[in-house]
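Encoded as structure tokens, here's the structure I'll be asking about.
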């Protein structure tokens with residue numbers, strides 16, 4: 001005998017609902033964004049948040065079941081849904097598990113470039129005392145392998161790390177042996193200007209599956225201006241290096257990164273078109289970092305947040321247009337934010353983590369054996385600010401590093417859930433705390449959000465992305481979901497039944 005349908009009243013929620021934690025933001029005069037603890041969001045008419053909070057929201061409204069399903073409210077029938085909310089919350093903070101995954105080895109400070117925005121005190125090519133010793137390298141690798149994470153990224157930086165390639169080979173050898181013994185997976189990246197790239201280095205990288213990352217600031221006139229070297233041929237050397245590395249390693253193992261200077265702000269289209277011309281499919285419209293020796297050239301490189309946002313917005317518009325024409329190009333910062341907005345997954349991007357990823361997800365081992373919470377913390381130390389120095393690999397244990405006063409302070413100030421100006425922000429679950437940035441720019445790890453460049457920049461970018469999501473443009477929706485799922489537009493459309 002079939003069961004009878006329950007009466008309609010069984011499917012109508014009670015108006016005696018309770019509130020779950022959520023925040024809201026007015027996107028425009030007609031629209032609010034509601035965001036819950038896991039980052040799920042709803043576009044609703046202006047005034048909806050007030051009605052929900054004041055318990056004026058009728059149970060028979062069309063929006064009521066959506067508010068329940070999206071975990072903004074709950075009533076007597078919501079128990080299973082709260083279990084789902086808990087699972088999403090655990091997923092969101094999954095980046096904490098396994099502790100430090102990115103380990104940066106600064107094998108030398110020597111470099112042939114004199115970039116305007118360089119954040120460290122580079123040394124001339126004959127200053128071998130600024131290379132990492134084998135004792136420091138051995139101790140740093142040992143500390144890296146002690147981290148609980150099963151998947152580790154080992155990144156070599158400088159200066160110019162290829163100037164200390166024997167040190168790189170030694171570290172790779174002992175790190176790979178140790179990782180194999182402990183059952184850990186190891187990714188290896190060398191960040192280089194490619195000026196000293198040789199066939200022997202390329203053959204070694206191929207044999208050991210090492211990736212190369214370089215700087216490409218745009219077309220020749222921008223790159224040469226931002227990154228001068230003797231002979232004035234920085235761009236030519238970089239492009240030749242990229243092409244040689246691609247032939248030897250494959251295009252997927254060669255990446256490029258740009259830094260935005262005052263000159264860059266005037267040329268977003270030209271910079272992006274250069275990446276297309278060089279057959280890259282990702283670009284990171286990255287603002288300049290206000291750390292270390294970069295501050296000395298701020299008159300050449302610095303700019304206001306509003307200027308960078310206009311650069312970013314024009315750049316993103318052009319990238320979307322290129323995708324519309326059929327060229328698959330991803331803007332990395334947008335991709336990171338969209339993953340946080342559209343999925344419950346966390347990301348490995350330290351700046352947008354809460355608790356802060358400084359130390360927790362990245363450690364930097366300097367050439368002299370000092371350990372820092374982030375690369376930016378190392379850059380501050382170059383200016384004699386040792387606030388975020390966690391210890392020394394030759395004299396301190398991993399336990400010492402992670403119980404140091406500097407690390408404890410980072411944890412205390414690194415959760416935006418409890419920071420003034422962040423705790424009630426609708427975009428909190430997509431953003432980070434970045435205590436290193438706020439210490440460097442405001443002299444206070446907590447920071448003052450209304451005047452924080454970090455806060456203003458992210459607020460503007462997120463408002464813009466939500467406006468694009470709200471626009472209803474199906475092409476933009478397809479592109480954004482493609483970026484989130486790492487599928488290009490052609491693949492996505494081919495998978496949709498016609």
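When the chain is fully extended, how far beyond the present Cα-Cα distance does residue 59 get from residue 384, taking 0.36 nm per residue of separation? The partial results should precede the final answer.
On the way: separation 325, 0.36 × 325 = 117.00 nm, distance 6.06 nm.
Full-extension gain reported as 110.9 nm.
If you line up the long axis of helix 268-277 against the longest principal axis of the chain, both from Cα atoms, how many degrees apart are they, to the nearest 10?
So the inclination is approximately 70 degrees.
On the principal axes of its Cα set, how long, how wide and how thick is region 13-92? Give whole Å, largest value first.
35, 29, 18
Kindly provide the helix-only [θ] at 222 nm of the chain, computed as the sum of -39,500 (n - 2.57) over DSSP H runs of four or more divided by all residues, to the nearest 500 deg cm²/dmol?
So the calculated ellipticity at 222 nm is -12000 deg cm²/dmol.
Calculate the radius of gyration of the Cα atoms of region 95-401 to one decimal place, then report Dmax, the largest Cα-Cα distance, as a whole number, both in Å.
Answer for region 95-401, Rg first and Dmax second: 19.0, 57 Å.
If the chain between residue 276 and residue 246 were fully stretched, how many nm would it gain, using 0.36 nm times the residue separation less the Cα-Cα distance?
Gain in length upon complete extension: 9.3 nm.
Follow-up. Can you tell me the FRET efficiency between residue 174 and residue 51 if r is taken as the Cβ-Cβ distance and R0 is 45 Å, rounded to the nearest 0.05?
0.10
First measure r as the distance between the Cβ atoms of residue 423 and residue 332, then evaluate 1/(1 + (r/R0)^6) with R0 = 22 Å and state the FRET efficiency to the nearest 0.05.
In this case the efficiency is close to 0.20.
Considering every pair of different Cα atoms, what Kirkwood radius, in Å, is found for region 144-221?
Roughly 13.6 Å, rounded to one decimal.
Oh, and also: Roughly what % antiparallel, to the nearest 5, for the DSSP beta bridges in the chain?
Percent antiparallel among DSSP bridges in the chain is about 40.
By average Cβ neighbour count within 10 Å, what is the ranking of 473-484, 348-359, 327-338, 159-170 from highest down? Numbers along the way, then the final one.
Values: 473-484: 16.7, 348-359: 23.3, 327-338: 19.2, 159-170: 21.2.
Those peptides, ordered most packed to least, come out 348-359, 159-170, 327-338, 473-484.
Could you state the number of Å between the C-alpha centres of region 212-268 and region 176-201?
So the separation of the two Cα centres works out to 21 Å.
Now a separate question. Pop the C-beta distance of residue 411 and residue 451 into the FRET formula with R0 = 35 Å and round what comes out to the nearest 0.05.
Efficiency computed from Cβ-Cβ geometry: 0.90.
Let me ask something additional. Between residue 221 and residue 324, what is 0.36 nm times their sequence separation minus the Cα-Cα distance? Round to one decimal in nm. Don't jump to the answer; show the numbers that get you there.
Values: separation 103, 0.36 × 103 = 37.08 nm, distance 2.80 nm.
Separation in residues times 0.36 nm, less the Cα-Cα distance, equals 34.3 nm.
Readers should treat all values here as calculations from the given coordinates under stated rules, not as data from a laboratory. Just so it is clear, the structure is predicted and the values come from calculations on it, not from any experiment. Neighbour counts are summed over all protein chains in view; Cβ atoms, including those assigned to glycine, are modelled from backbone coordinates with ideal geometry.
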